[in-house]
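*Asks:* For reference, the structure I am asking about is given below.
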Amino acid sequence: MPAQIDIKEVHWLLDIVQCIDVGVIVLDRQYRVEVWNSFMENHSGLGPDEVHGKELFALFPEIDAAWFKRKVDTVVQLGTRAFSLWEQRPYLMHFKNYQPITGQEDFMYQNITLLPLAASSGTVEHLCVVIYDMTAAATHKKQLGRR
């Protein structure tokens, strides 16, 4: 017997996705934006209504589409997560750095996690991109390297 979904729990989960201090994007297999949380809105300057249904690469031409698609293909084929660290690639999307303490950097350093989102059939039909602001860590590591 399938578990019933409590609407209150769904509301809480949506609240968490909106309030958490990481970027959350859900893309369909054509790279169109379906979910765009407040972190993404605050750092990109684009609201959910402006990005919903639009292709990620049209919104952010700085993304290396060939690299990103290869990462996504691996996630979809294996059904497992994939990662990219700021040391390998400083950012996915070029966001300004708004951290007053680490304001020495011009842009936000980012780690990303790609999560496969399977439909009830088991087929991966969507992808979740989680973006972590790693600017403080990058700044500290760079400062240690100068000593």
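The values are calculated or read from the model by the stated rules, or taken from the named source; none is laboratory data. Worth saying up front: this structure is predicted, and the values here are computed from it rather than measured. We place every Cβ from the backbone using ideal geometry, glycine too, and count neighbours over all the protein chains shown.
*Asks:* Given the criteria among the polar types (S, T, N, Q), surrounded by fewer than 16 Cβ atoms within 10 Å (Cβ to Cβ) and farther than 23 Å from Leu13 by Cβ, does Gln30 qualify?
*Replies:* Taking the combined requirement at face value, the residue satisfies it.
*Asks:* Arg70: assigned to a loop (DSSP other than H, G, I, E, B), at pLDDT 95 or above and either surrounded by fewer than 19 Cβ atoms within 10 Å (Cβ to Cβ) or not hydroxyl-bearing (Ser, Thr, Tyr) (or both), yes or no?
*Replies:* Here the answer is no, as Arg70 does not meet what is asked.
*Asks:* For the range 13-61, list the helices (runs of 4 or more DSSP H) that sit wholly inside it and hold at least 2 residues that are among the hydroxyl-bearing types (Ser, Thr, Tyr) and under 19 Å from Ile112 (Cβ atoms); which are they?
*Replies:* 38-44
*Asks:* Next question. Give Lys54, Lys69 a once-over and let me know the one that is basic (Lys, Arg), touching a Lys or Arg at 6+ places or on another chain (Cβ under 9 Å) and within 20 Å of Arg32 (Cα to Cα).
*Replies:* Checking each option against the conditions leaves just Lys54.
*Asks:* Let me ask something else. Applying the selection to the range 114-142, what residues are hydroxyl-bearing (Ser, Thr, Tyr) and under 17 Å from Gln77 (Cβ atoms)?
*Replies:* Ser121, Thr123
*Asks:* Looking at Val129, Val76, Val124, which is the one that is closer than 25 Å to Gly45 by Cβ and in contact (Cβ under 8 Å) with a residue 40 or more places away in the chain?
*Replies:* Result: Val129 is the single residue among Val129, Val76, Val124 that is closer than 25 Å to Gly45 by Cβ and in contact (Cβ under 8 Å) with a residue 40 or more places away in the chain.
*Asks:* Where the second residue is among the polar types (S, T, N, Q) and the first is without any contact (Cβ under 8 Å) to a residue 24 or more places away in the chain and lies in the range 9-23, which pairs have Cβ atoms under 8 Å and are six or more apart or on separate chains?
*Replies:* Final answer for the pair search is Val17/Asn37; Gln18/Asn37; Gln18/Ser38; Cys19/Ser38; Ile20/Asn37.
*Asks:* For the range 75-97, enumerate the residues that are surrounded by 13 or more Cβ atoms within 10 Å (Cβ to Cβ) and assigned to a helix (DSSP H, G or I).
*Replies:* Across the range 75-97, the qualifying residues are Val75, Val76.
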